[in-house]
Structure formats: C-alpha cells, structure tokens
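The values are calculated or read from the model by the stated rules, or taken from the named source; none is laboratory data. Given the structure is predicted, the values throughout are model-derived calculations rather than measurements. Positions of Cβ are generated from backbone atoms using ideal geometry, with glycine treated the same way; all protein chains shown enter the neighbour counts. Accessible surface areas use protein heavy atoms only, side chains included; no ligands, DNA or RNA. Shrake-Rupley method; radii C 1.70, N 1.55, O 1.52, S 1.80 Å.
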Amino acid sequence: MSNQAETTINVLLICGGGGSEHDVSLRTADFIQRELGKSSEFRIVRVTMDGAGQLRDEQQRVQELRSDKLLYSSDGSAQAVDYVVPAIHGYPGETGDLQSQLEILGIPYFGCGPEASKICFNKVTTKLWLSALGVDNTPYQFLCSNTAEEIGKARQALQEWGTVFIKASNQGSSVGCYKVSSEEALKPVLDEAFSLSPYVLIEKSLKVRELEVAAYTYQGELNITAPGEVCAPSDTFYSYEEKYAEGSRAQTHVVAQGLSDAQLSWIHEASKRAFIGLQLKDLSRIDFFLTDEGDIYLNEVNTFPGMTSISMFPKMLENHGHDFNTYLGGLIREAVQG
C-alpha cells in the first residue's frame, strides 16, 4: 500500500468556466476523467470553475490552488496537486489566462502554453501568424472598431465576395460566427460581433469540404493524423449548435476520402509548420478548408479541442493507433517524473 501511495500522481481536473462553452467543457471533463480512471496510478480531483473564476468540488465546497501546490478546501482540508488538466473551452482555458496562473504556481499542465493559447484563440492573430509562417489561409479582412470607416471595409468585402462570414475574434467553437449575404443584415451582425469581441474578422465564404487533423506529441514525437472530415447539412454551416448538440445533423468521418497524395502532403506539412511555428504543446486540432477548385486553406488552430462522444480529436488519435489513456498518461508521467 505504501508503495502505491508513493507512486500515485495527483491530477487536478478543472472544467466549466461559466461561459458559453461551460456545458461542453463538462462533457470533455467526463471523457478525460473516464480515460484517466482506467489507470490506478492517477488520483483525480475534479473541480468546476464558475463565471467568477471560483473553483468548487463536487460537494460545492470552495477550492483554492496555491503556490505550495496544494488545493485548499473551505472545510479546512488540503490535498497535493502534481499536475493539472485545464479542460475549459473558451475563456479562461483556451485564452492562456489559466495557463499563465499555472505557470506562476509552477504546476505542470496538459496543453499549450499561455502565448500559443492566446495567439490561437484570437482569430485575427492566428491569421497574421499563419501568413508569417507561409501557410495559406482563408481570404479575410479584419475590423478594429465598430465605426463608419471600418464598417465600410466590411461592406466592400461583402460586395467583392458576395457572401461573408463575420466572426468575433475572441470566441471559440463557432460562437459569435455569422453568415451574411445581404447589406441589410451587415450592421446588426457587426453590432452583435463587436459586443462579444474588440476585433471582428470578415472572411470570404467558400464552398468547401471541412477537414481536420489531430496534431499531438506522443512519446516525445509529433504525430499528425490523416485528415478527417466534417459534413455539415447543406442548409447551414458548422455552427456551435451543429458541433455539440445531441441532435446535430452534422456527420463526421474519421478519415476523409478522395484526397490526392499532393493534398495530403500539403495538409501534413502545413500542420507541422503551424504546430512548430506557433510553439504548440501536447495537442491541437487543426482545421482546413478544401475548395471546389482544389485550393486548401488552414482555417483554425484549436489548442484544446472538444473531447465529447462525437468529437474528432480523440477519434482521430485512436484511428492513428494510439490509446488516449496511454497518450495522456505518458504526458503526465513525463511532466511529473521527468
């Protein structure tokens, strides 16, 4: 028994966040908890963060993580924390804020670091970085304020491209994403997008196949899976609701069919360039658009992708020949034991 106690790794699983993706975060945490629960060496403590950033355990007791690497409870008890899984989608889990706190506390954690998280969560900075890395991405324009001059840029883009997507720059999982094809709809949608974010992205609407790869480190090596495909219903785009709702009509294919060797090679090379260039860590899901004309654009980098029963990241990892428990367990052991 004493030997088991010495080798037990205390893993703090943080989920929730209180934002628009709170419920999906709970489902991701369910998946991770089930997977880690398969190994007796991990002792998992799960806490849920509310919108004010307060942590509570399953008995609703307030918890506080401190620099001595102990999790203190409002009942006076404390327990050691060796490693953190920040399973929060959106703010503050994908924005770098939570990661910055963990860096200050000196506690190792699953996922990308503060800077990479912040860059990739902002749709505008992601595009600027991808362009700097030489990776093609969807034609775009971005607005830095809700003023007449900036709205004029959006109106010009709409006239040039016919139909556009308007996206709040600092929102995840298709939250704050709108498809616009008429000038009458433009101003109300821009008002809504600017209410969610200080920057707004205008993207050309393209008829595309939506492809995704899982890029992750396994036993110290970067792995990039074959592309999977998401097929949204023809009358909608892959909205937040289509992505996570139980009644979603979107179909997913773990391996996309009919891609040429050249297309597969480009997607692999672009994924590798993005993962290394953006200094991602542990995991990411990288999304691509393939147009009817054969052009491929890197659309988005997700630093903490969903891990629900219908999510692509764990499915693609498994199809690539890796067991999720073995994958995450290996990262934890490496971070804690060296």
Considering region 10-29 alone, what residues qualify as being over 18 Å from Ile332 (Cα atoms) and hydroxyl-bearing (Ser, Thr, Tyr)? Ser20, Ser25
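Going by what's in this entry, would Gln79 be described as of a type outside the set (Gly, Ala, Ser), open to solvent by 20 Å² or more (accessible area, probe 1.4 Å) and in a loop (DSSP other than H, G, I, E, B)?
no
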Could you please let me know if Gly17 is open to solvent by less than 70 Å² (accessible area, probe 1.4 Å) and without any contact (Cβ under 8 Å) to a residue 60 or more places away in the chain? no
Return the only residue of Gly306, Gly329 being part of a loop (DSSP other than H, G, I, E, B), small (Gly, Ala, Ser) and touching a residue at least 24 places away in the same chain (Cβ under 8 Å). Gly306
Which one is least open to solvent (accessible area, probe 1.4 Å), of the residues in region 146-184 that are farther than 25 Å from Asp287 by Cβ and aliphatic (A, V, I, L, M)? Ile151
The conditions are (1) in contact (Cβ under 8 Å) with a residue 12 or more places away in the chain; (2) surrounded by fewer than 17 Cβ atoms within 10 Å (Cβ to Cβ), and Glu103 fails exactly one of them. Which is it? (1)
